[in-house]
Amino acid sequence: MNIIDKRNSLARHASRRYRRRSRGAIRNIAIHHSATTSGSAEAFARYHVNNLGWPGIGYHYVVDRDGAISWCHDLEVVSYHVGNSNGMAVGVCMVGDFRTQTPTSQQREAALELTQFLMNELNIPVDNVWGHIEFPGYSWKPCPSISMTQFRSQLAERTGQIDRSAIPSPTYVAGARQRTILSRGDQGDDIMALQERLNELNFMPGPIDGIFGPQTFDAVVRFQRAAGIAVDGIVGPQTRAALRDFDGNMEIVEHGSPTDEPDEREEIFTSESRRMLRHITPLMRGEDVREVQQKVGAMVDGLYGPETAQRVRDFQRRENITVDGIVGPQTWRALDRVSPNEHPSYTRLISLQTPFMRGDDVRRVQRALNVTVDGLYGPITEQAVRNFQRREGITVDGIVGPQTWSRLFS
Ligand SMILES: [Zn+2]
């Protein structure tokens, strides 16, 4: 690694100084592009100080097109680059506008090597290496405009961590030559395309082998649940459409301030000891994910996948806080106000069957709908569910899936 120490040579504000932190407060590595076709640490420092009035350059490191790395700040310096997440992040900026350019191979290599070094130095796992756009409040910002999934899988390969993410796969397209309905036991290219799409959406269908086996079936079921459509493990027109559109209409959140300066809440944010959670690949996992899933009524599997992100967005909307599907300090605080049992988590699809389905979840549904609480999902309970669905303006099918469940309990 070719690192040039510029900590004492770059432009600085005459009087303003950045705060400092302990290394233990650092939880994320933030990857940026400069959004300029050329540039240097010197030029960015002058711009940040003279035009924006910042204490100094916003980034800790700048990686040039030729792979040379400028070291701009001690890691303890809380500089500006990801707004309210500044306190917990180190900023690495690659020179270039990756909306129209690509990183050079030397530059990419240097950025990977530097990030790997920082991960070791700060004990940061690969799923805490985020692009700027992946931080709370930045889903509108095309930075760094490279695939972070790929960046993370390259890091994981280097560090020998298990790479659970998919190699970017072709989009799943419904074409004329395809069978209309895919189900267990089917084989072929269309099954492979299905598996690729499920993989892309993090439903982990197992090996991409073109065989619709039990793992693929399971992934289809989990996807259908997450998408709030009929759960039958069969890929028909509805599931196909849902596969195509899933997560395609994520909310774009406008950020109040176009700069990366923190707002007045930053002090509270940086005092947070919990890590931020979001849907990235490879999926974040852990006890903290379970806690969130429990509280927002998502399926509790300890993996922060698309369904969890969707439930978090629903929660944020109800709480009237920024809707971005990311559990940052603001959302953590809102979650702290939720008692663990207030939003029982969704675990399975409940429908009218012979013999009747039974369980505590059926009791909960009955209690919520004011029908006799006997723990058996019979026709009267089913009718009450239909009435409820009609009042709520959601699909009236008498089946308690994720959508009905969350309407009942949130
Ligand atoms: Zn950025």
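The values are calculated or read from the model by the stated rules, or taken from the named source; none is laboratory data. Keep in mind that this is a model prediction, so the values were computed, not measured. Cβ coordinates were reconstructed from backbone atoms using ideal geometry, including for glycine residues, and neighbour counts include every protein chain displayed. With ligands, DNA and RNA removed, areas are computed over all heavy atoms of the protein, side chains included. Shrake-Rupley method; radii C 1.70, N 1.55, O 1.52, S 1.80 Å.
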Amide H neighbours of Val129 at under 5 Å, excluding residues fewer than 5 places away on the same chain, with H built from the backbone geometry, are Ile29
Separation between the Arg317 and Arg363 pseudo-spin-labels, each 7 Å from Cα along Cα→Cβ, expressed in nm? 3.2 nm
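Can you show me the helix-derived [θ] at 222 nm for the chain, built from DSSP H runs with n ≥ 4 at -39,500 (n - 2.57) apiece and divided by the number of residues, rounded to the nearest 500.
About -10500 deg cm²/dmol.
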In whole percent, what relative contact order does the stretch 1-98 give with Cα contacts below 8 Å and a gap of six or more residues? 42 percent
Please report, as a whole percent, how much of the solvent-accessible surface of the stretch 272-336 comes from carbon and sulfur atoms (probe radius 1.4 Å). 42 percent
What shape does the stretch 356-410 take by its C-alpha gyration tensor, where a ≥ b ≥ c are the square roots of the eigenvalues and a/c under 1.5 counts as rounded, a/b above b/c as prolate, and the rest as oblate? prolate
Going residue by residue through the stretch 320-331, the Karplus relation 6.51 cos²θ - 1.76 cosθ + 1.60 with θ = phi - 60° gives ³J(HN,Hα) values, rounded to whole Hz and with x marking Gly or Pro, of 6, 10, 3, 8, 9, x, 10, 8, x, x, 4, 5
Within 10 Å, count the other beta carbons around each residue, average over each peptide in 51-63, 386-398, and list them highest first. 51-63, 386-398
Residue-by-residue Karplus 3J(HN,Hα) for the stretch 17-29, coefficients 6.51, -1.76, 1.60, Hz, glycine and proline x: 10, 6, 5, 10, 9, 7, 4, x, 7, 7, 10, 10, 10
Mind jotting down the distance between the C-alpha centroids of the stretch 179-196 and the stretch 114-138, whole Å? 36 Å
Roughly what angle does helix 379-392 make with the longest principal axis of the chain, taking Cα atoms, 0 to 90 degrees, to the nearest 10? 40 degrees
Please give the peptides 313-323, 143-153 ranked by average Cβ packing (other Cβ atoms within 10 Å per residue), highest first, as a rough proxy for protection. 143-153, 313-323
By the gyration tensor of its Cα atoms, with a ≥ b ≥ c the square roots of the eigenvalues, what is the shape of the stretch 5-80: rounded for a/c under 1.5, prolate for a/b over b/c, or oblate? oblate
Return the percentage of antiparallel bridges among DSSP beta bridges fully within the chain, rounded to the nearest 5 %. 45 percent
For the stretch 80-111 and the stretch 13-69, write down the distance between their C-alpha centroids in whole Å. 10 Å
For labels at Val396 and Asp189 in the simple 7 Å Cα→Cβ model, what's the distance in nm? 4.4 nm
So who's got an amide H within less than 5 Å of the one on His32, skipping anything under 5 residues away but keeping other chains? H placed 1.01 Å off N, in plane. Val92, Cys93, Met94
Expressed in nm to one decimal, what extension gain is obtained for the pair Thr180 and Arg17 from 0.36 nm per residue of sequence separation less their Cα-Cα distance? 52.4 nm
For the stretch 117-122, 3J(HN,Hα) per residue [Karplus equation, 6.51 cos²θ - 1.76 cosθ + 1.60, θ = phi - 60°, Hz, x = Gly/Pro]: 4, 5, 4, 5, 4, 10
Share of carbon and sulfur in the accessible heavy-atom surface of the stretch 3-159 [1.4 Å probe, %]: 46 percent
Accessible area per residue for the chain in Å², computed with a 1.4 Å probe and the full protein assembly in place, what is it? 45 Å²
Net charge, Gly359 excluded, C-beta distance under 14 Å - Lys, Arg +1, Asp, Glu -1: +2
